[in-house]
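Asks: There's a structure below that I have some questions on.
The values are calculated or read from the model by the stated rules, or taken from the named source; none is laboratory data. Just so you know, these numbers come straight off a predicted model, no measurement behind them. Cβ placement follows ideal geometry from the backbone for every residue including glycine, while neighbour counts extend to all protein chains displayed. Areas reflect the complete protein model, heavy atoms only, side chains present, ligands, DNA and RNA absent. Shrake-Rupley method; radii C 1.70, N 1.55, O 1.52, S 1.80 Å.
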Amino acid sequence: MVSKTLKLIAMKKNISRFITLLVLLTFTACSEDLFEEVQNKNNLNVDNWYQTANDFDMALNSCYCALADGGLFGLQMQLLFGSFDDRIMFETPGFDEFRINSTSDNISSMWRALYFGVFRTSKFLERIYAKPEIEGMTDARRNNVIAQAKALRAMYYFYLVTIFNEPVFYNESSIPQDLLAPQANGKPEQFWDQLEKDLTEAIPDLTPKTSLDQADLGRVTRGAGNALLGKAMLYKHYYYYAKNGEKGSSGDIAALNTAKVAFKAIMDSKEYNLILPKAPKTRKDYIYALLSNSSFLELPSENNVYPSENNDESIWEVQYSDERFAAGWLPGWQWSGALNFAYFSGHLASFKNQEVHPNLFFAAETAGAPAGFTRDPRIYASCYLKDDTLDFRSENIAYFNKKFSGANSKKVAFVRKLTTPAESQWLGLKKYYFPVYNELNAPKNDPFNRRVIRYADVLLMYAEVMHLLGDDGTGLNALNEVRARVDMPAIGALTKAAIIHERDIELALETL
């Protein structure tokens, strides 16, 4: 077993493990007034915590924890948005049919995790602005940690406004005094305006990926800031301008141009590259080059090795490992790992709550597929098919060369009469579930990092923005660059249908 060395940043630096020292104070011959004035200076609270550079570093680390929480990438992003995806079926039809409401535990845990993030980042910014001079912190470091907090908050705002539309809004200048008191709904434009402001101000002070220290992998980089800004402005086109009948307005065009510039900055930086199959390009080379973007281990083909987490294609990913700090089911708090593998993997003990809809497999093109494939190779990296092996490591005896079948599945497609008896084997989720994690507390507390944005996504979003603005040829080139990663033939025109299809196949089963 190749041990995972890249730990969840928030956990690795113990940001959530504050220890309060209880000191017994004995007073003799003291007046009652004197006793009332004594304070336990070892008791940690907001007022005495934000003092030193180390205090602020640890507080910043805590701002990352919400991403790893079970309400977000630790479980609910996959459980909810995977089930809502028309390419994935939940074992029962409730989620597929959107039979869910605001009182659901799934929704409340997502809401709670997002506001963990908003509160921590806003409190961090409030406190650091109130302390212009921090012992041990240079101006450059100060600017960088502020930029990280702003970019993280922008991500939390982005999910809040796109998922809930009018949730509670506050920033560092308007943090509620009583967090348990009812709060008024915010307006969507408050979120869109603040997240654009946060990212625009943050990007110049974020560290480029190539300059990032190895111990800081997972922190927001300049590329991640640009990627999120571009994505947010593209989404604003649909979720705000088009929704409100303002498609094509000056504000809409300005947002799309901001997205264009942000995506172009990433492409021009040369810091990111698609992971391509290497010669002699065997079947494993094609599949492993793609799966490296969702594996927790490097993947070896017959002649090559494909780097996995934090590789050249990764722009931003949530860091997980398999350390366990306490008993329970709380990713990002009691665990440094996630719960996704326990719910969706091919592990014998997995709940197997989701299954791939057969339509995804048949949506993959047949024409132009490279030698050795009957369809676009990307579909074989997305779905487990009958007789696929679950692991490549001989030391994982339980799963080495174990064949994938429907024997341990709930056969959702078959039960719903979406396949004939001859096709009754289920299609499993392969991204993030290959190879099988079978160590320590498996399948719980899994160490698969979750990719928030990768370079292929940026290229396809750039193509989409250019299509909306009027393509000058660079959008089509970006889309064809993604197709060329698996030697699929280039297309001749950039259309809405082509963009939808390419995202459908390239980013299949990924909750982004």
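Asks: Within region 367-375, identify whether any single residue is modelled with pLDDT of 95 or more and within 15 Å of Asp504 (Cβ to Cβ), and answer yes or no.
Replies: The answer is yes; a qualifying residue exists.
Asks: Still on this structure, please answer the following. Give region 467-482 a look and list any residue that's in contact (Cβ under 8 Å) with a residue 60 or more places away in the chain and not small (Gly, Ala, Ser), or say none. Walk me through it before giving the result.
Replies: Going through region 467-482, the residues in contact (Cβ under 8 Å) with a residue 60 or more places away in the chain turn out to be 468-469, 478, 481-482.
Matches in region 467-482: Leu468, Leu469, Glu481, Val482.
Asks: Can you list residue pairs whose Cβ atoms sit under 7 Å apart, with the first residue in region 391-402 being under 15 Å from Ser301 (Cα atoms) and the second being of a type in the set (Val, Ile, Thr)? Count only pairs 6 or more apart in sequence or on different chains.
Replies: Sorted first by the residue in region 391-402, then by its partner, the pairs are Asp391/Val436; Asn401/Thr389.
Asks: Could you check region 44-102 and list, in sequence order, the residues that are charged (D, E, K, R) and more than 26 Å from Trp333 (Cβ to Cβ)? Step through it out loud before you land on a result.
Replies: Step one: of region 44-102, the residues charged (D, E, K, R) are 47, 55, 57, 69, 85-87, 91, 96-97, 99.
Asp85, Asp86, Arg87, Glu91, Asp96, Glu97, Arg99, listed by residue number.
Asks: Just one of (1) over 23 Å from the mean Cα position of the chain (by Cα); (2) at pLDDT 90 or above trips up Ala478, so point out which.
Replies: (1)
Asks: Can you confirm whether region 266-273 contains a residue that is under 18 Å from Lys430 (Cβ atoms) and out of contact with any helix residue (DSSP H, G or I) (no Cβ under 7 Å at 6 or more places or on another chain)? Step through it out loud before you land on a result.
Replies: Start the filter on region 266-273 by keeping residues that are under 18 Å from Lys430 (Cβ atoms), which leaves none.
No, there is no match, as no residue in region 266-273 is under 18 Å from Lys430 (Cβ atoms) and out of contact with any helix residue (DSSP H, G or I) (no Cβ under 7 Å at 6 or more places or on another chain).
Asks: Quick one: is Lys123 of a type in the set (Lys, Arg) and under 22 Å from the mean Cα position of the chain (by Cα)? Steps first, please.
Replies: On the way: of a type in the set (Lys, Arg): yes; under 22 Å from the mean Cα position of the chain (by Cα): no.
For Lys123, the condition - of a type in the set (Lys, Arg) and under 22 Å from the mean Cα position of the chain (by Cα) - is not met.
Asks: Of Asn438, Asn408, which residue is open to solvent by 10 Å² or more (accessible area, probe 1.4 Å), at pLDDT below 90 and farther than 30 Å from Ala254 by Cβ?
Replies: On the way: Asn438 fails: at pLDDT below 90.
One residue alone meets the criteria, Asn408.
Asks: Please go through region 204-219 and give me each residue that is within 21 Å of Ala68 (Cα to Cα), touching an Asp or Glu at 6+ places or on another chain (Cβ under 9 Å) and not in a loop (DSSP other than H, G, I, E, B), ordered by number.
Replies: Passing the criteria: only Lys209.
Asks: What helices (runs of 4 or more DSSP H) lie completely within region 48-155 and have 1 or more residues being open to solvent by less than 20 Å² (accessible area, probe 1.4 Å) and under 27 Å from Glu172 (Cα atoms)? Break it down stepwise before answering.
Replies: Working: elements: 53-68, 76-84, 93-96, 105-129.
Fully inside region 48-155 and qualifying: 53-68, 76-84, 105-129.
Asks: Could you grab me the full set of residues in region 337-352 that are touching a helix residue (DSSP H, G or I) at 6+ places or on another chain (Cβ under 8 Å), farther than 17 Å from Asp388 by Cβ and either open to solvent by less than 10 Å² (accessible area, probe 1.4 Å) or aromatic (Phe, Trp, Tyr) (or both)? Quick ask: steps written out before the conclusion?
Replies: Step one: filter region 337-352 for residues touching a helix residue (DSSP H, G or I) at 6+ places or on another chain (Cβ under 8 Å), giving 338, 340, 343-344, 347, 349-352.
Add one more test, that the residue is farther than 17 Å from Asp388 by Cβ, and what stays is 338, 340, 343, 349, 351.
Hits for region 337-352 are Ala338, Asn340, Tyr343, Phe351.
Asks: Exactly one condition in (1) surrounded by 23 or more Cβ atoms within 10 Å (Cβ to Cβ); (2) touching a residue at least 60 places away in the same chain (Cβ under 8 Å); (3) not basic (Lys, Arg) is false for Asp312; which is it?
Replies: The number of the failed condition is (1).
Asks: Is at least one residue of region 245-254 under 30 Å from Ala147 (Cα atoms) and open to solvent by less than 50 Å² (accessible area, probe 1.4 Å)? Even if it seems obvious, please write down each step before you answer.
Replies: Looking only at region 245-254, we keep the residues that are under 30 Å from Ala147 (Cα atoms), and these are 250-254.
Still in the running and open to solvent by less than 50 Å² (accessible area, probe 1.4 Å): 251-252.
Within region 245-254, one or more residues are under 30 Å from Ala147 (Cα atoms) and open to solvent by less than 50 Å² (accessible area, probe 1.4 Å).
Asks: Something else about it: Pairs, please: C-beta under 6 Å, at least 6 apart or cross-chain, first residue among the charged types (D, E, K, R) and in region 189-209, second open to solvent by less than 70 Å² (accessible area, probe 1.4 Å) and part of a loop (DSSP other than H, G, I, E, B)?
Replies: The qualifying pairs are Lys209/Thr221; Lys209/Glu271.
Asks: Exactly one of (1) free of Cβ contacts under 8 Å to residues at least 12 places away in the same chain; (2) in a helix (DSSP H, G or I) is unmet by Ser174. Its number?
Replies: Only one criterion in (1) free of Cβ contacts under 8 Å to residues at least 12 places away in the same chain; (2) in a helix (DSSP H, G or I) is unmet by Ser174, namely (2).
Asks: On to the next question. Restricting attention to region 357-394, and to residues there that are among the polar types (S, T, N, Q) and within 28 Å of Asn438 (Cα to Cα), which single residue is surrounded by the most Cβ atoms within 10 Å (Cβ to Cβ)? Walk me through it before giving the result.
Replies: First pass over region 357-394, keeping only residues among the polar types (S, T, N, Q): 359, 366, 374, 382, 389, 394.
The next check asks that each one be within 28 Å of Asn438 (Cα to Cα); those that pass are 382, 389, 394.
On the way: Ser382: 28, Thr389: 15, Ser394: 8.
If we take residues in region 357-394 being among the polar types (S, T, N, Q) and within 28 Å of Asn438 (Cα to Cα), then Ser382 is surrounded by the most Cβ atoms within 10 Å (Cβ to Cβ).
Asks: Sticking with this structure for a sec: Can you say whether Thr495 is among the β-branched types (Val, Ile, Thr), farther than 30 Å from Ala326 by Cβ and in contact (Cβ under 8 Å) with a residue 12 or more places away in the chain, as far as the supplied structure shows? Before you say what the answer is, go through the steps one by one.
Replies: Details: among the β-branched types (Val, Ile, Thr): yes; farther than 30 Å from Ala326 by Cβ: yes; in contact (Cβ under 8 Å) with a residue 12 or more places away in the chain: yes.
Taking the combined requirement at face value, the residue satisfies it.
Asks: Output the number of residues of region 308-350 satisfying the condition of being over 30 Å from Pro208 (Cα atoms), touching a Ser or Thr at 6+ places or on another chain (Cβ under 9 Å) and either assigned to a loop (DSSP other than H, G, I, E, B) or of a type outside the set (A, V, I, L, M) (or both).
Replies: 6
Asks: In this structure, is Ile266 within 23 Å of Phe434 (Cβ to Cβ), modelled with pLDDT of 95 or more and buried (at least 17 other Cβ atoms within 10 Å of the Cβ)? Break it down into steps so the answer makes sense when it comes.
Replies: Working: within 23 Å of Phe434 (Cβ to Cβ): no; modelled with pLDDT of 95 or more: yes; buried (at least 17 other Cβ atoms within 10 Å of the Cβ): yes.
No; evaluated as a whole, the condition is false for this residue.
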